[in-house]
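*Asks:* Handing you a structure now.
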Amino acid sequence: MGGTDAKDILGLPKTPLSLTQEKKSRPQKESHRKPDGISREVYALTGGVAPLMPSIDVTHLKRPPPHDEKVAWQWLPVKSSARKDDLQLYHWVRVVNDVPPTGDYSFAKYNKSVDVLKYTDDEYENHLTDPVWTKEETDQLFELCERFDLRFTVIADRFPLSRTVEELKDRYYSVTRALLRARAQSPAELANHPLIKEPYDMTRDRERKRALSMVLSQSRHQEKKDAEILAEAKRITEMRLAARNSILIILSIKRLVFLDVQRAAEPDVPANENIGSVSPSSNSQLPATAVAPSTLTMADYASTLASLRMLHVYLRTYGLEQMVQAASSAVGLRTIKRVEQTLQDLGVNLKPKVPTKTVCDEHLELRKEILTLLNLQKQLQYKESEGSSHREGTYAAMPDTPKDRVFASEPFSFGAERPIKKEPKRKGPGRRSDTPSPAHKRPRKLKASDL
């Protein structure tokens, strides 16, 4: 069904479409001509896009020679300033219009020679004498050094006497160094000369060659083993360095902690002396909470102080909180609450309003004293309960002791009461029971032996 039939069914007018609704014709693509010097495949891949790098004009690559020039290659002799003999050499030369090129050989500039110092007989007698070397041997050495440009391997092969390469080097450099010093006007002129600044060392050169020979003659297994040994040696060195640093840090921390602990020591010597008067057997049975807090919190106190020293800059309230936590680390939550309750009863703020260094030190000292007081109360209560139990056992062994009498200590302040359990009375040895036998007790059965 065409578009006209659809319009008839829908009742639309059969008017032609406006020019705006007509399908616009596509613009024809401009045809780009492939430039010369580029293959068809490369141009198809690039699509005519300009290259990222600037390219050379194709006309400059293949420039035809001018029509008036006649170029030819000829086999002609060459003159080189690098050669001192009369040897005549030939090579191919580009000749234009039958005019051969003139001048020195183009490769003569690469001929470099070493300037070997010359010495006179007087200089040799005054500065260059050596008991191991004669003047004739030294002359031959310098002649060969100038001839072969200090190629000491070739010089050692051409030297008439049996001398090693290291010996030849040592003799040449020692003579050259002595000549430079003898001819210099002042030592400052030779301060930066390489032969004076870094003199030749024959022993070091031999060790270098020996080590190089050992390295070149190693197998893969030996190379792997050497690498493992070097890695292990590096690890041990790092461990020793870290251990040394840690020991130095620990020693410095211990020194600082010792000074601070001496300054902030607790004044509880009389209490400790009273506690120490108790027998050792009873001290061994003291609970863990009865120990002085300074002995339990010394490690935490030292670590906290060391961490604060490492911060360098910190709020004094933060340091006070850390020190309070370190001082209370060995006690329970109930004891900490009792310390805070005691501070409130005394009218002291839990955190100082003006946290100066003196106020913080006094606040921390007050907390330590309260904690020491609570521990002493616990020790006292424990001793009283131990004494009451001992007295109970003594009265139970006496006949006139009332059965219902119980010795208990008076309750102490700060909620330090400990409930005392009433132990059952034990009968003394040889005592008879006063309890009468019940009347409804069944009679014993008769046996055959009773008849």
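*Asks:* Kindly indicate which of 76, 179, 87 is over 59 Å from the mean Cα position of the chain (by Cα) and open to solvent by less than 70 Å² (accessible area, probe 1.4 Å).
*Replies:* Testing whether each residue is over 59 Å from the mean Cα position of the chain (by Cα) and open to solvent by less than 70 Å² (accessible area, probe 1.4 Å) leaves just 76.
*Asks:* Do the conditions hold for residue 132, that is, is it part of a helix (DSSP H, G or I), aliphatic (A, V, I, L, M) and open to solvent by 40 Å² or more (accessible area, probe 1.4 Å)?
*Replies:* Against the criterion (part of a helix (DSSP H, G or I), aliphatic (A, V, I, L, M) and open to solvent by 40 Å² or more (accessible area, probe 1.4 Å)), residue 132 does not qualify.
*Asks:* Related question: Among the residues of region 194-227, count how many are of a type in the set (Lys, Arg) and over 20 Å from residue 165 (Cβ atoms).
*Replies:* Of the residues in that region, 4 qualify.
*Asks:* Which of (1) under 28 Å from residue 125 (Cβ atoms); (2) surrounded by 14 or more Cβ atoms within 10 Å (Cβ to Cβ); (3) modelled with pLDDT of 90 or more is the odd one out, the single condition residue 164 does not satisfy?
*Replies:* Going through (1) under 28 Å from residue 125 (Cβ atoms); (2) surrounded by 14 or more Cβ atoms within 10 Å (Cβ to Cβ); (3) modelled with pLDDT of 90 or more one by one, residue 164 breaks only (2).
*Asks:* Also: For the structure I just gave you, tell me whether residue 137 is touching an Asp or Glu at 6+ places or on another chain (Cβ under 9 Å), outside any loop (DSSP other than H, G, I, E, B), of a type in the set (D, E, K, R) and in contact (Cβ under 8 Å) with a residue 24 or more places away in the chain.
*Replies:* Details: touching an Asp or Glu at 6+ places or on another chain (Cβ under 9 Å): no; outside any loop (DSSP other than H, G, I, E, B): yes; of a type in the set (D, E, K, R): yes; in contact (Cβ under 8 Å) with a residue 24 or more places away in the chain: yes.
Criteria not met by residue 137.
*Asks:* Of the residues that make up region 377-395, is at least one touching a helix residue (DSSP H, G or I) at 6+ places or on another chain (Cβ under 6 Å), surrounded by 16 or more Cβ atoms within 10 Å (Cβ to Cβ) and at pLDDT 80 or above?
*Replies:* yes
The values are calculated or read from the model by the stated rules, or taken from the named source; none is laboratory data. Given the structure is predicted, the values throughout are model-derived calculations rather than measurements. All Cβ positions, even for glycine, are placed from backbone atoms using ideal geometry, and neighbour counts span all protein chains on display. Each accessible area value is taken on the protein alone, full model and side chains, heavy atoms only, with ligands, DNA and RNA left out. Shrake-Rupley method; radii C 1.70, N 1.55, O 1.52, S 1.80 Å.
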